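So the structure is just underneath, and the comments pick up after that.
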Amino acid sequence: MNKTVMMSLLVGASLFATDYSKVIEHPDASKMIEKDLLAPPKVFTMPAGCITSDPAAIARGEYIFNNLNGKKAKKNPPKGLSRKQMKPGKTYMSGDKIPPKQYGNCVACHNIEGARGAGNIGPDLTDYKENFIDSGARDYQFVFQKIADARIDNPDTHMTINLTTKLFTPREICDITSFVVAPK
C-alpha cells in the first residue's frame, strides 16, 4: 500500500480515537428539572366580587375558554384582553418582541354551550350553574379553585395549573369562572 495512503488512514483513525469528552458540554440536569417542576398545589380564595353577570367579564371568560393563544386566537380579543403577553413591571422598547398571550383553550377538553370543537376529556360544563351550583353540589369557590389549581381536589389531574403558574391573573380566573356559571 502506498505510504501516503497508509499515513492518511492512520491520521484519520487517530482523529476518531481522540478523547473529545472535555469539549462536550455536560449540563447539570438536576437544575433543569428543578426549574421545570411545578410549585406545590395552592389553595386560593376567590376575590370579593369575582362572580359577575357583567357582559364584558363573561365575554372575556368566553374568549379565554375558546382560544389557545393570542397569535392564533380566533377573532379580536374583547376589551381588557390582548393578543400579547405584557409582563408586569417590564418596560418594552420599540422593536422588542412581545410573546403572544397564552389563553385557556378549555374547549379542547370541555364542552359548554355554544362551543365549537368541544372536547370530551374533561367534564361537560353545559348548564353548569343549573346542574352544580343551583343544586348545591358545588359552589363558586370550588369552580374558582378548580380553574386556579385543580390539584387541590385531584392531585392526579391533567388540567392546566392556571393561577399557581401565573398563566392567568386572578381577574382572568374570575372571568372564566363567571363565563362557566353564567346562563347561556
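Any idea which of Met1, Met86, Met6 is modelled with pLDDT under 90, aliphatic (A, V, I, L, M), surrounded by 10 or more Cβ atoms within 10 Å (Cβ to Cβ) and in a loop (DSSP other than H, G, I, E, B)? I'd like the intermediate steps shown before the answer.
On the way: Met1 fails: surrounded by 10 or more Cβ atoms within 10 Å (Cβ to Cβ); Met6 fails: in a loop (DSSP other than H, G, I, E, B).
Exactly one residue qualifies, and that residue is Met86.
Which of the residues belonging to segment 113-158 are in contact (Cβ under 8 Å) with a residue 40 or more places away in the chain, assigned to a loop (DSSP other than H, G, I, E, B) and surrounded by 15 or more Cβ atoms within 10 Å (Cβ to Cβ)?
Ala115, Leu125, Asp149
Pick out the one residue from Ile58, Ile51 that is β-branched (Val, Ile, Thr), under 19 Å from Thr126 (Cα atoms) and part of a loop (DSSP other than H, G, I, E, B).
Ile51
Right, Thr164: buried (at least 16 other Cβ atoms within 10 Å of the Cβ), over 19 Å from Glu130 (Cα atoms) and not hydrophobic (A, V, I, L, M, F, W, C) or not?
yes
Condition check ((1) loosely packed, with under 11 Cβ neighbours inside 10 Å; (2) modelled with pLDDT of 90 or more; (3) not acidic (Asp, Glu)) across all residues:
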{"site": "Phe16", "(1), (2), (3)": "yes, no, yes"}
{"site": "Asp36", "(1), (2), (3)": "yes, no, no"}
{"site": "Pro41", "(1), (2), (3)": "no, yes, yes"}
{"site": "Phe44", "(1), (2), (3)": "no, yes, yes"}
{"site": "Lys79", "(1), (2), (3)": "yes, yes, yes"}
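The values are calculated or read from the model by the stated rules, or taken from the named source; none is laboratory data. This one's a predicted model, so the numbers in the text were calculated from it and none came from an experiment. Note that we place each Cβ from the backbone using ideal geometry, even for glycine, and neighbour counts take in every protein chain shown.
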